[in-house]
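Working notes, structure below.
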Amino acid sequence: MSGHSTYEPKSNTAKWFDERLPLARLVHDSFVAFPTPRNLNYMWTFGGILSLCLVAQIVTGIILAMHYVPNDQMAFDSVQAIKRDVNYGWLIQPMHAVGASMFFIAVYLHIFRGLYYGSYKAPREILWILGVFIFLAMMATGFLGYTLPWGQMSFWGATVITNLFSSLDGVIPGMGTAIVTWLWGGFAVGNPTLNRFFSLHYLLPFVIFGIVILHVWALHVVGQNNPTGLEIKQPSDAVPMYPYAITKDLFAMFVFLIPFAYFIFIMPDYLGHADNYIPADPLVTPPHIVPEWYFLPFYAILRAIPSKLGGVVAMLAAIIVLVFIPWLDTSRVRSAKYRPIFRWFFWYFVFTCLALGYLGAMPAEQPYIFWAQFFTFSYFAFFLLVMPIVGIIETPSRLPRSITESVLGKGHGGGGGQVPAGAATGPEKR
Amino acid sequence: MSADIETTNRRDFIVLAGNTFAAVGGASLLWPFVQQMNPDASALAMASIEVDLSPVKEGQAITVMWRGKPVFIRNRTAEEIKQANAVDVKTLIDTRADNAALPEATVATDANRVVKGKENWLVLVGICTHLGCIPKGQSIADAKGDFGGWFCPCHGSHYDTSGRIRKGPAPRNMDIPVYSFLSDTKIKVG
C-alpha cells in the first residue's frame with residue numbers, strides 16, 4: 001500500500017506483458033512485496049482459510065451439480081446415488097456438506113478477530129461492511145444449499161424461512177402472502193421452489209467471489225490491522241508478505257484441514273441433522289425443526305420475540321447492526337488488548353453468542369424462552385450500549401510506541417526507522 | 001550447514017523433496033475430481049445384461065437395450081445361414097469380422113460372426129455403421145433390403161443375413177458385441 005511498485009520484470013517477455021497488462025505487477029505488489037505487520041498472530045490466517053473454503057465449495061459444488069437432479073421426485077435419490085454410485089462421490093459430497101460448516105466456523109472466528117482487535121474502525125469501515133455483505137450472502141447460500149437434498153429438514157426449513165416474509169402482512173395486508181407465493185412459485189414449497197433454489201445456490205457463490213475481490217482490494221488499500229492496533233509507521237514494523245505471511249497462511253490452512261478431514265472421513269453427518277435422511281413429506285412436520293448449527297443464534301433471537309413481525313425484525317437487526325459498528329464504537333483505541341473493560345464485555349459477548357446457539361437448538365419452552373430473551377438483550381446491548389459507552393468511559397492501557405517495540409521490547413524501534421541488525425525482512429540470499 | 005554452493009546441500013534436498021511432495025499431493029487431490037466424470041457404479045452395472053432366448057422362435061428376432069444401444073438378436077433359419085455362408089468374403093465391402101471377441105484382422109466369414117455350435121443365433125449391435133440410424137429388418141413386416149438381412153432407411157445401406165454391409169454408404173459390417181452362452185437359452189451380452 002505505501003510507496004510505489006517494486007516489481008521488476010525479469011525477462012523481455014515479462015516486460016512486454018507488463019507494458020500491456022500489469023498482472024504480474026499486481027500480484028507482486030499485493031501478495032509478494034506487500035508489507036504485512038510483523039506481529040500478526042494466527043487469528044489473521046482466517047482470511048486465507050476462507051478463500052480456500054470458498055474455492056473448495058465452488059469446485060465440489062460444480063462437480064456435485066454434474067450428478068444432482070433438482071426435481072422434487074429425484075433430488076433425494078440423486079444425492080444417495082452420488083454417495084453410493086458416483087466415483088469418489090462418497091468423498092466429494094461430504095467435502096461439500098462439511099465444507100459449508102467449516103466455512104462458517106472460519107467466518108465466525110474471522111469476525112470475532114475483527115471485533116476484538118477493532119479491525120472495523122477507521123479507515124477500515126468499507127472493508128468491514130463488505131465483510132457483512134459476504135456474511136449475508138454466505139447465509140443465503142447455505143440456506144439454499146441445505147434445501148437441495150430435499151430431506152425433511154430441507155423441506156420444513158425452507159417452509160419456515162420463506163414463511164418469515166408472511167410477517168409483512170402485518171405491515172401491508174396481503175403483501176407478505178404475495179411475496180411468499182412468489183418465492184414458492186406455488187401454494188406451498190414444492191418443485192418450482194426447489195428448482196429455483198438450485199439455480200440461486202449455484203449463482204450466489206460467484207456473487208460472494210465478486211464481493212471478496214472488493215473486500216481484498218479494500219484491505220490492500222488501507223493495509224492490515226494487527227494485534228496492537230497501531231499503524232505501520234516504519235519499515236521495521238512490517239515484513240514482506242512473501243515468504244512470511246504466505247507461509248503462515250499456508251501452515252494455518254493445513255492445520256485447518258485436519259478437523260475438516262476428521263469430519264469428512266470419521267463423522268461426516270455429525271454437524272447435520274438425522275431427520276434430513278428422511279425424504280421430504282409435506283404432510284408431516286418433524287417434531288423438532290432446527291436450522292443448521294451456524295444459524296442457531298439467529299434462530300434463537302427470532303423465537304425470543306413473542307411477536308411474529310418483531311421476531312423477524314429482531315433477527316434481521318441482529319445482522320444489520322454489524323454494519324454500524326464502526327460508528328457505534330467510540331473508543332480511540334483499536335485493539336481490545338489495551339482495553340481492559342471492553343475486553344471483559346467482548347468475552348461475555350462470545351458467551352452470549354454460544355448461549356444463543358445452544359438455546360436455538362432447544363424447544364420453545366421455559367426456561368429456554370426466558371434465557372433466549374435474556375441473551376438477545378445481551379447481544380444487542382453489546383453493540384448499542386457497551387460499544388458507545390465503554391469507549392468513552394474506559395481508560396485504555398498504555399500502548400506500545402510501535403509495532404516493532406511490541407515485538408522486540410523496549411529500546412527497539414521507538415520511531416527510529418531503521419531495520420534492526422540481524423532482522424531478516426527479505427528472502428534469504430545465497 | 002554447507003557453505004559451499006556447488007555441492008548439493010540440505011536446502012536443495014528439502015526444496016526437491018517439498019516440490020515432489022506437493023506434486024504428488026496435488027495429483028492425488030485432482031484425481032477424484034477427474035475420475036468422478038467416468039461412468040459411475042450404476043452405469044457400469046448396466047454394462048452386462050442377460051437375455052432369455054427361449055421365446056425367440058426360428059425366423060424371429062428381438063431387440064434389447066445394452067449400454068444405451070439396441071442389440072439385434074435373430075434366430076436365423078437354415079436358409080438364412082446357408083445364404084450367409086455362400087458369400088465369397090473377398091467380394092464384401094468390409095472384409096473384417098468386426099467381432100469384439102476376435103482379433104481386428106479376422107475375416108468376415110459367417111462362422112466368425114457367430115458362436116460355434118450356435119450358428120442360428122446372430123447377435124449384433126443394431127446401429128448402422130454409416131451415420132448411426134437403426135436399420136429396419138427386425139420385424140416380419142420390415143423391409144430387409146436386397147440381401148435378406150437389414151435395410152437402413154436413412155441413406156439406403158443394405159446388410160445381409162450375417163449383418164454384413166453389402167450395398168450402400170455404410171463402411172463397416174454391424175458390430176458383433178462380446179457375448180457368451182450361459183445356457184442353451186440364455187446369453188450374457190457385455
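The table below lists the values:
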quantity: Tilt relative to chain A, helix A:125-147 - C-alpha long axis, 0 to 90 degrees, to 10; calculated: 30 degrees
quantity: Cα-Cα separations in region A:19-78 greater than 14 Å, expressed as whole percent; calculated: 75 percent
quantity: Distance (nanometres) between label positions extended 7 Å along Cα→Cβ at B:Leu182 and B:Ile14; calculated: 6.2 nm
quantity: Tilt relative to chain A, helix A:175-184 - C-alpha long axis, 0 to 90 degrees, to 10; calculated: 90 degrees
quantity: Loop-located trypsin sites (Lys or Arg not before Pro) in region A:1-70, at most 11 other Cβ atoms within 10 Å (DSSP); calculated: A:Lys10
quantity: Sequence-distant lysines (8 or more away, or on other chains) whose Cα lies within less than 22 Å of B:Lys118; calculated: B:Lys57, B:Lys82, B:Lys186, B:Lys188
quantity: Projected label distance in nm at A:Met43 and A:Tyr358, using a 7 Å step from Cα toward the beta-carbon; calculated: 2.3 nm
quantity: Amide proton proximity set for B:Gly126, modelled H, under 5 Å, gap of 5+; calculated: B:Val71, B:Phe72
quantity: Lysine pairs within chain A, Cα separation less than 23 Å, 8 or more sequence positions apart or different chains; calculated: 9
quantity: Within region B:1-96, GluC sites (Glu not before Pro) in DSSP loop having at most 13 other beta-carbon neighbours inside 10 Å; calculated: B:Glu6, B:Glu58
quantity: Helix axis angle, A:368-381 relative to chain A longest principal axis, alpha carbon, degrees; calculated: 30 degrees
quantity: Longest site-free stretch - chain A; sites: GluC sites (Glu not before Pro), DSSP loop, at most 14 other Cβ within 10 Å; calculated: A:1-364
quantity: Region A:255-340: chymotrypsin sites (Phe, Trp or Tyr not before Pro) in DSSP loop, at most 11 other beta carbons within 10 Å; calculated: A:Tyr270
quantity: Cysteines in the protein assembly as shown that, by Cβ-Cβ distance, have no pairing candidate under 4.7 Å; calculated: A:Cys53, A:Cys353
quantity: Nearest-0.05 FRET efficiency for B:Trp31 and B:Cys154, computed from C-beta distance (R0 35 Å); calculated: 0.25
quantity: Region A:261-376 - charge dipole about Cα centre, Lys and Arg +1 at Cβ, Asp and Glu -1, debye rounded to 20; calculated: 820 debye
quantity: Exposure proxy order (Cβ contacts within 10 Å, fewest to most) of A:Val386, B:Val123, A:Val323, A:Val255; calculated: A:Val255, A:Val323, A:Val386, B:Val123
quantity: D (Stokes-Einstein, µm²/s), Kirkwood Cα radius, the protein assembly as shown, 1.567 mPa s at 4 °C; calculated: 42 µm²/s
quantity: Ordering of B:110-117, A:182-189, A:54-61 by packing [mean C-beta count within 10 Å, highest first]; calculated: A:54-61, B:110-117, A:182-189
quantity: Charge dipole magnitude, Cβ of K and R +1, D and E -1 - chain A, Cα centre, debye nearest 20; calculated: 1440 debye
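None of the figures in this text is laboratory data; all of them are computed from the coordinates on show. Being a predicted model, the structure only gives us computed values, none of them experimental. Don't worry about glycine lacking a Cβ; one is built from the backbone with ideal geometry, like all the others, and counts go over all protein chains shown.
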